[in-house]
Structures are given as C-alpha cells and as structure tokens.
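Written below as structure tokens is the structure these notes are about.
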Amino acid sequence: MDPRPDAAPDLPDDPLPRVAFEGAPVALACLTGPDRRIAAANPALGALLGLAPGALVGRALADLDHPHGPRSGPDLAGEACWRRADGSPLRVRLRAGPEREGTRIVAVEALADGAATARAEQTRLALASAGLGEWSWNPADGRVVLSDRAAAILGHPAGAAPTWAELQQAVGRDDLERIRATVQDAVAKAIPYAVEMRFRRPMDGQEAWISARGQATRAPDGALTGMIGVLQDVTAREEARRALHDREQRLRVATTVAALGIFEWHVLDDQSLWENERMWEIFGRRPQDGTISMREFFRSVVHPEDKAGFRRAVAGALHSDGVLHATARIRGAPEGPDAPEAWRTIEMAGRFERDGPAGLPRRLIGVVADITDRRLAEERQSLLIRELHHRVKNTLATVQAIVGSTARTASSIESFYEAFVGRIMSLAHTHSVLTEDVWQTASLRGLLENELRPYADGAMRPDTGGRIELDGPAVDLPSEIAVPIGMAIHELTTNAAKYGALSNRTGRVRIRWSVEPGAEPGADRPRLRFHWQESGGPPVAPPTRQGFGSRLLQRVLTTQVQAEVATDYAPGGLVLTMLAPLPARNAALNPLAAL
C-alpha cells in the first residue's frame, strides 16, 4: 500500500485504508474544517510528538507550532517548527494530499537538523546551569507544559502538564492579584513580564519563592496562541534579602534608640549620603537643604580650634587600619535671633573602605553622635568634685578650729560638750540646707530663722513688736560663703543667749540686710550689707580676751568671705556690721541646667 497522502483513502468509510493509516511508518494526520483540526492521528505522529494519538484529536494544527520557529503554512506544505510534549522544538516537513469532502491527509517528516538540535541542547544546558526551567502555556486546553527542571522547581513530577487553574491554587493569595494584573498589562502591551511569587510545592508542602518570566505568543493575525517563559527558584536569594532587611531594620532601631546618625562619605567625588533622620537633626539641616560635603564640613561647620585635630584623626585612619574616631565641635543653630553662636560637640566613628588591600580609600561608612550634653555633664561633674573638695577642706578646717577654740575656752567637759555640739549642729544644718537646694545655695533668712526661732515670741517681721526682727530682701548665699556666715549667725545667737539681749525677757535683736551694687557698675560684684543690733539686755563691755566667736567673726569671715567686719561693744547692746561681696552664681552647679 502506498502511504503517500495523495493515495490516502477516505478513512470514515473504508476500514482497510484505516488499518493502513494506523500502521503507516510515516507520521500522518487527518485534518478537517477551516481551522484544520486533527480528526485522527496515527501512532507514528504521536511518537514523534511524545503524545498519545488520541491526545492530538480535536487540536488545531496551529496549536502544534513552536513560538520560536516557522509556522505551518496555509497550504500545508514546506517546513515548520512544532512543539513536542516537553516543550522542545521539532523541525518538520509537511506534505498534504488533496482535499476530499472537507478532509485532508498530511504527512509529517521530522528533519534531522544537527545544528538546530545542538543549539537547542546548548540552550537547555545553559538554562539548566542558570537554574532556569522552561514552561509553555496552551490556551486551548489551559495546560502548562513544564520541562524537567521547571517541574522540579514547582514540585511536580517530570513530564507533568498541570493546568493554570491548578497552579494558581499553590500561589500565595496576596500575590495572585498582583501577578494577574502584571501579566494582563504585559499581554496587552505585547511586552515580556517578570513576577515573583510565593509558591507552595504540592509534593512536600514547602513554600518557595519563584521568579517567573514570560511573553505571549501570537498568530500572524495577532490572535493569542499561548505563552512561553522560564522559571527560577529564588528562595535562597529572597531569604538572604529578607535577612539583610531585618538586620538593617534592627540596626536602624538600635541607632534610633542610641540617637546615632548614619552616613556615607564618598571620597573621590566628596559626596555624602545621610541614611537616617538623626543626621539632619544633629547638623540642624532639612532634607531640602542637602547634605554637607567634607570640604564644606571643614570650611564652615567645624570649630576653628578643632579642625587640626579632626584632620589628624582622618589622616591617621587612612594610614592605619582605616578605623576613624574623632571628636569636634560643630556650628549649631542659635536659639534666638539675638542669641550667641551655639556650638555642639559630636563624636564620629567609622571605617574607610578601599578598592583593594592596598587600594585607594573609596568611601567612609560611619555614625555620628551628639555628645554635647554628655560633655557638659562631665564638665559639671568635674566642677562639682572640685567644689566638694574645696567644701570638705573648708569644713574640716572649720571643725578643727571649733575643737581647738572650744577646748581653750571651756571650763569643764560639760561646757565643752554643750558648746561643741551646738556649733557642729549649726554647721550640719547649713550643709543640709545647701544639699537640699538644687543651686547649692542657702537662704540668708532661712539661716537666721533656724537659729533665732527658739527665742522669738511671735512673727519675726518688722514693726510687729516682737523680740526678733528680720528685715531684708531674699538673698541666696552660695555655698562658699553660706557655711562661714551660718557659723557667724550661730555664734552671734549663742553669745546673745548667754550674755546679751536674749539672756533676759526684755532684750531684743534687730537684724537688717540689703544688697548693694559694686563700687563700679558692671565691674565689681554686688555686696551684702548685714547689720546685727542688740538692745534691752545686760550692759555690754568689751571682752577681756578673744574667744572662738570673736576669732570666727574676725578671721573666718575676713578670710573665707572677704568681708569687712566691724564690731561695736556699746553699753546698750552689741552691734555688728558686715559688708561681704556676693560670689557670682555658677550655672554649671545647677543640675537642672542639663535638662
């Protein structure tokens, strides 16, 4: 029997030609209708394409065309490129018999194209080495033909051809709508597309990240004939990206909590990149102002006295291990239009990256911290320590004087104990007042009221007729003069209670004070004028010997307070006048100054 198409019998009516059709060694297809659909296919054609003959029945001949090769012509003659079941191309030559009652027999001959086969094999090897798997989608049956590599990526067995509907069920719900929109847009614009998705493999249930690239294929008339593309498992890359993102987030959180600014400085083009908002806050700039180059940093930002040290730190880092540690004052925004120029102290740490072990420095990556408050706190702490040393030294000297003088003037152990304890209690009270005040000061009125309250018969205000009268403005005594003045008040009160106006029921003590400006306005410190006057007590006579109180009033006040002291032992009552300069208040001793 001649198997050529022009000798093909009418298959539906004659069983003998059907047997010849089925057993022919040549691949044959029986086509019907205007779209040349396959009514029958012999086993040879099925073997050629890797499909069962029945799987070909009902498919249009155009469905067999490979998107990257020549298509079957309308006259069913010549060469074409068809697609095997695994998606690989197959070059064939077509020969069609005459049409009989709307039916034509086509003979298909595979062409042995060594170069094309080699190129196809090279392409497959290149895709496999890149971890890519091929896929194609046929809109006729909705199935996706997968290469062995693509099937393994998606967790399907080799040779699988799942439908697109089946594959959609494994795609993450959050990704599905995004993928649909991307593919529809690419098909409408006739451009390639690339998407990434989470995909749950059916074989093991593990979730993977898949990168899919594809492009629609079209017939000469523009009709959609399918899609082809490649797949890649990018799970490792995505996990690495997410891990890097998590590390960056942790770093940003840490630098935010630590109030650190992050920056990059590119050496060759002198350009800076500021990575977080803290950098803008430290330098008092806005994003629209732009960053600062290193040249501008040295020219107009760094304090003139700190430029040389900062340059030495940068040079040292470049000539050693590339690690930079530097501290400098930078120009800050003034707090008001008339406020003086403000300077902030920063600390910079970073590392220079080089093009190679001995290459040129390429960029500096580092952090910046505003340590202004810390520096102020350190300076204040140092000042407080010096103040404490000074105060302890003065206190020990005062205690030593109290012990010696009290011992020399005491007539018995009891009198020594009484005088010594009273003086130490007065000293302790003054220190207590100083430590309770944030400015390390003591109120002059408070010191007087504490000592004189036991002898008052009412309010100690002027013109009230009471025994004690205090008249003067509010004055806060700094620590360096509060202790000796407090001791002087104690001695005056003790002396008045023993020998003076407070030793009987009729005596009175009037204390007045005021603050006077210096001799030259703006040049000298203000001065405290203090006046103690007793009346109504026993007659007063000058002492025959100088006791501790007298020595304290004359020596301690003169030495520690630089006061001018005048004492008048008038018969009607003791009068003491003191003129003492007031030290300037040290703002650094105020713990609230750093808030």
Residues being part of a loop (DSSP other than H, G, I, E, B) and under 17 Å from Leu447 (Cβ atoms): count how many of those fall in the stretch 462-480.
4
Checking Ala328 against (1) touching an Asp or Glu at 6+ places or on another chain (Cβ under 9 Å); (2) among the small types (Gly, Ala, Ser); (3) farther than 15 Å from Ala349 by Cβ, which single condition isn't satisfied?
(3)
I want to confirm something. Restricting to the stretch 504-513 and keeping residues that are modelled with pLDDT of 95 or more and either within 57 Å of the chain's Cα centre (by Cα) or not aliphatic (A, V, I, L, M) (or both), which single residue is surrounded by the fewest Cβ atoms within 10 Å (Cβ to Cβ)?
Arg512
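Please give the strands (runs of 3 or more DSSP E) falling wholly within the stretch 265-356 in which 2 or more residues are touching a residue at least 60 places away in the same chain (Cβ under 8 Å).
Numbers: elements: 271-274, 323-332, 342-354.
In the stretch 265-356, the matching strands (runs of 3 or more DSSP E) lie at 342-354.
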Based on this model, can you work out whether Gly446 counts as in a helix (DSSP H, G or I), of a type outside the set (A, V, I, L, M, F, W, C), at pLDDT 70 or above and in the same structural domain as Ile485 (by TED's automatic domain parsing)?
yes
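Which residues, taken from the stretch 94-112, are among the basic types (Lys, Arg) and in contact with a Leu (Cβ under 6 Å, 6 or more places away or on another chain)?
Start the filter on the stretch 94-112 by keeping residues that are among the basic types (Lys, Arg), which leaves 95, 100, 104.
The answer is Arg104, and nothing else.
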Is it true that Phe530 is in contact with a Ser or Thr (Cβ under 9 Å, 6 or more places away or on another chain), at pLDDT 90 or above and not β-branched (Val, Ile, Thr)?
yes
Output yes when any residue across the stretch 361-369 is closer than 25 Å to Phe310 by Cα, assigned by TED's automatic domain parsing to the domain that holds Phe263 and either at pLDDT below 75 or part of a loop (DSSP other than H, G, I, E, B) (or both), and no when none is.
no
Give the residues of the stretch 257-306 that are charged (D, E, K, R) and surrounded by fewer than 15 Cβ atoms within 10 Å (Cβ to Cβ), sorted by residue number.
Asp269, Asp270, Glu277, Glu281, Arg286, Asp289, Arg295, Glu296, Arg299, Glu305
List, please: which pairs have Cβ atoms under 6 Å, are six or more places apart or on different chains, and start with a residue in the stretch 570-583 that is crowded, with 17+ Cβ neighbours inside 10 Å and end with one that is hydroxyl-bearing (Ser, Thr, Tyr)?
Gly573/Ser535; Leu576/Thr567
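The values are calculated or read from the model by the stated rules, or taken from the named source; none is laboratory data. The structure presented is a predicted model; accordingly, all values stated were derived computationally and were not measured. Counting neighbours? That spans all protein chains shown, and the Cβs are built from the backbone with ideal geometry, glycine included.
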